[in-house]
1. Between segment 1-40 and segment 61-98, what is the C-alpha centre distance in whole Å?
2. Just how large is the dipole of the chain about the Cα centre, in debye to the nearest 20, putting +1 at every Lys and Arg Cβ and -1 at every Asp and Glu Cβ?
3. With the dipole of the chain worked out from charges on the C-beta (+1 for Lys and Arg, -1 for Asp and Glu) around the Cα centre, which of 5, 73, 83 lies farthest toward the positive end?
4. Could you order the peptides 77-83, 97-103, 14-20 from most to least packed, using the average number of other C-beta atoms within 10 Å per residue?
5. Using just the alpha carbons, could you tell me how many Å³ per residue the convex hull of the chain encloses?
6. Treat each spin label as a single point 7 Å out from the Cα along the C-beta direction, and report the residue 62 to residue 116 distance in nm.
7. Could you order 89, 61, 105 so the one with the most accessible surface comes first? Probe is 1.4 Å.
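The values are calculated or read from the model by the stated rules, or taken from the named source; none is laboratory data. All of these numbers come straight from a predicted model, not from anything done at the bench. Glycine also receives a Cβ, built like all others from the backbone with ideal geometry; neighbour counts cover every protein chain displayed. When the accessible area is computed, the model is the full protein with side chains, heavy atoms only, and any ligands, DNA or RNA have been set aside. Shrake-Rupley method; radii C 1.70, N 1.55, O 1.52, S 1.80 Å.
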Amino acid sequence: QVQLVESGGGVVQAGGSLRLSCAASGTIFNMYSMGWYRQAPGKQRELVGVISSGGSLNYADSVKGRFTISRDNAKKTVYLQMNSLKPEDTAVYYCNGRRLVTSRDSWGQGTQVTVSS
């Protein structure tokens with residue numbers, strides 16, 4: 001099972017940028033599809049975007065054109081570049097790893113992103 005640790009959260013003004021990182025350990029990283037999810041207070045956790053083991057990308061409509069996911073397999077790290085942030089992007093952001101074949105999910109502990117208006 002992969003262990004995931006997020007970093008890079010914080011407080012930013014609307015229109016600003018943040019980059020989140022998720023470092024993986026304990027596994028063969030390129031056997032995992034990696035995703036970012038978020039959960040705002042009182043709301044369900046929702047998908048932000050996913051990058052497959054082969055590099056294919058998929059984003060939620062709400063972040064298309066503003067957020068970019070990338071991965072560095074050599075560093076076993078996935079990134080979420082967030083630009084043009086809005087107050088509604090405020091949430092705890094979670095990193096997810098889904099194992100190929102088994103589809104077993106692993107989660108990080110989450111990192112808080114707060115966008116002030």
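1. 7 Å
2. The dipole magnitude comes to about 180 debye.
3. 73
4. Details: 77-83: 20.6, 97-103: 13.3, 14-20: 15.1.
Taking the mean over residues of other Cβ atoms within 10 Å, the ranking is 77-83, 14-20, 97-103.
5. On the way: hull volume 10.8 nm³, N = 117.
Considering the Cα atoms of the chain, their hull volume per residue is 93 Å³.
6. Distance between label points: 2.2 nm.
7. 61, 105, 89
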